[in-house]
Amino acid sequence: MRTTIYFLMLSFLFCWACQSGQQQAPTLPTGQWHELLANYDAADWEKRGDFEVKPEQGELILANNGQQQGGWLVHKAMLQDFRLETEFRADPLVNGGIALRMQQPPPVYEVNLLNDADQQNPTGSIVDLARAKWLDSLDTRNWNQLAVEVKGDHLVVWINGEKVCETHDRKSTSGHLALEGPKQGGEVRLRQLRLMPLEPVEVVGPSLEERALAHQAPLVPLFDGSSFEGWEKVGQAKWSIEDSVLHGYSGKEGGFLATRQSYGDFYLKLKFKIAFEDNSGIFIRRPPAEAVNPNTSLECNIYDFNGLAHPYSTGSIVGYARAFRGLVDYDEWNEMEIFALGDHVVLRINGRKSAEAHVAAAHQHEGQICLQAGIKVFDPEKGPSDIYFKDILLKDLSQLK
């Protein structure tokens, strides 16, 4: 009897050891590049869902025959901070993606691969967190380069060498890399997929938005509700005041209302009202006496129209970060918040983060804040624009460290 029990225990321990060995996650040392497809090992991955996985001469094909539900191919290594590089191509309108720090589906962070410029989350977007800039040259039927860096709470995506989006977010600090099996018929192909784990960055303290809102400096009105004191007109737009509301009328040429004082680091909150397809925006850090445009200033856009692949809809930071659509209630009052501290700029529309970027040195200086009454640049035949502003408040963040 004892012998039987002894052998049963040995058998149990042997099976447990084998099972543990099979489940052991691969180790990816920090500071080294690890090729994940050149010597593809299915034992390093776990397939979850209904789709096809086909390694083929250094490529990995994720396919759906049109009858499958899709899913995820999850790498077993647990990751925190890392840099990922790969090349990808996909059939038209096939929806694929790469999940970052995934614990379980659906992922918190997914870099979307969807070749449709007018989607909320086109190729390169961090789904529902940061909408990628659209690259006219992008054609996912051909090979494209994708790079992703995840450090602490900072996530950045590049396509073909150009930064297309970034955000700061703290919902997930660790998890797995996962490749999406398409949800509909077609293929996504990856090659030269490599990953370098980085030394983890400890995220401490509140976010930029939290720090700015908690800062003890007062919120100061920039507009007194009855006069243009502290402001100067630039360009040909007509500005008027009625019932504590600023009204800008673009006419045929457009123009701006600029603060006489310059600001560098600040929190700005205001309310605006605009009709669909009318053009406006808030230009910040404009050097006095220079032209007001996205080269000299940062443009926080207020402009929506029906054109395909609108480059920078309302809530975008022009040239840096593209906002999601549907954030504005047209012909109603909306709130815009701008957080600007050094190179870090965040926009919120009606309480939702719409854009975030770390801007170039050329946009980190002090400058004027300019309210725009702009012409309809994409369809000027539709006539002039009207824009309304009120409750314009600013908090100086120059002492915020």
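Just so it is clear, none of the values below were taken in a lab; they were calculated from the coordinates. Keep in mind the model is a prediction, meaning the values are calculated, not measured. Cβ atoms come from the backbone with ideal geometry, glycine included; neighbour counts cover every protein chain shown.
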Of the residues 321, 88, 311, the Cα lying farthest along the dipole of the chain towards its positive end, which is defined by charges on the beta carbon of Lys, Arg, Asp and Glu, belongs to 88
Between residue 103 and residue 229, the two model label points (7 Å from Cα along the beta-carbon direction) sit apart by a distance in nm of 5.4
At q = 0.26, 0.32 Å⁻¹, the log10 of I(q)/I(0) for the stretch 337-376 from a Debye sum over equal Cα scatterers comes to -0.98, -1.04
The exposure ranking of 333, 239, fewest beta-carbon neighbours within 10 Å first, is 333, 239
Here, residue 39 and residue 377, labelled 7 Å along Cα→Cβ, have an inter-label distance in nm of 5.2
The answer for GluC sites (Glu not before Pro) in the stretch 316-386 that fall in a DSSP coil and have at most 14 neighbouring Cβ atoms within 10 Å is 332
The Cα extents of the stretch 34-198 along the principal axes, largest first and rounded to whole Å, are 36, 35, 26
Note: residue 362 to residue 128 extended length (0.36 nm per residue) minus current alpha-carbon separation gives 81.3 nm
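Could you sort out which of 271/401; 269/382; 47/76 sit more than 21 Å apart by Cα distance in this structure? Could you put the intermediate results ahead of the total?
Details: 271/401 28 Å; 269/382 30 Å; 47/76 10 Å.
Correct reply: 271/401; 269/382.
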In nanometres, the difference between 0.36 nm per residue of separation and the alpha-carbon distance of residue 253 and residue 145 is 34.8 nm
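Could you give the Stokes-Einstein D for the stretch 259-390 in µm² per second, using the C-alpha Kirkwood radius, 4 °C, 1.567 mPa s?
On the way: Rh = 14.7 Å.
Roughly 88 µm²/s, to the nearest whole number.
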Cα-based Rg/(2.2 N^0.38 Å) for the chain, rounded to two decimals, is 1.20
Filtered hits (lysines, Cα-Cα < 19 Å from residue 233, offset >= 8 within chain) -> 252, 390
For the residue 238, residue 399 Cβ pair and Förster radius 41 Å, calculated FRET efficiency rounded to 0.05 is 0.65
Length gained, residue 184-residue 24, 0.36 nm per residue minus C-alpha separation, equals 54.4 nm
When the chain is treated as a Gaussian network with springs between alpha carbons less than 10 Å apart, the largest mean-square fluctuation among 169, 304, 41 is found at 41
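Take the Cα gyration tensor of the stretch 200-311, multiply each eigenvalue by 5, square-root it, and list the three semi-axes largest first, rounded to whole angstrom. The partial results should precede the final answer.
On the way: eigenvalues 153, 85, 47 Å².
In descending order the semi-axes read 28, 21, 15 Å.
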Taking max minus min of the Cα coordinates of the stretch 107-249 on each principal axis, largest first, gives extents in Å of 62, 39, 26
What helix-only [θ] at 222 nm does the chain give? Using -39500 (n - 2.57) per DSSP H run of at least 4, over all residues, to the nearest 500, the answer is -2500 deg cm²/dmol
FRET efficiency (residue 214, residue 137; Cβ distance; R0 41 Å; to 0.05) is 0.45
If unit charges are put on Cβ atoms (+1 for Lys and Arg, -1 for Asp and Glu) and the dipole of the chain is taken about its Cα centre, the option from 284, 106, 374 lying farthest towards the positive end turns out to be 106
Placing each pseudo-label 7 Å from Cα in the direction of the beta carbon, residue 201 and residue 271 end up separated by a distance in nanometres of 3.8
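Only counting other Cβ atoms within 10 Å, I'd like 263, 109, 40, 330 sorted with the fewest neighbours first.
On the way: 263 19, 109 23, 40 16, 330 13.
The most exposed by this proxy come first: 330, 40, 263, 109.
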Whole-Å distance linking the alpha carbon centroid of the stretch 92-122 with that of the stretch 322-346 is 23
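Using r as the Cβ-Cβ distance of residue 56 and residue 350, and R0 as 41 Å, what FRET efficiency do you calculate, to the nearest 0.05? Working shown, then result.
Working: r = 47 Å, r/R0 = 1.16.
After rounding, the FRET efficiency stands at 0.30.
Within a 10 angstrom radius of the beta carbon, how do 30, 259, 296 rank from fewest other beta carbons to most? Write out the running numbers ahead of the final one.
Working: 30 12, 259 21, 296 17.
Starting with the residue having the fewest Cβ neighbours, the order is 30, 296, 259.
Which value, in debye to the nearest 20, describes the size of the charge dipole of the stretch 178-319 about its Cα centre when Lys and Arg Cβ atoms bear +1, Asp and Glu Cβ atoms bear -1, and nothing else is charged?
Values: 14 positive and 18 negative charges, 69 e Å.
Charge dipole, the stretch 178-319, about its Cα centre: 340 debye, nearest 20.
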Within the set 86, 123, 314, GNM on the chain using Cα springs under 10 Å gives the largest fluctuation to 86
Among 258, 38, 355, the residue with the largest mean-square fluctuation in a Gaussian network model of the chain built from Cα contacts under 10 Å is 38
Ranking 60, 164, 78 by how far each Cα lies towards the positive end of the charge dipole of the chain (+1 on Lys and Arg Cβ, -1 on Asp and Glu Cβ), the top one is 78
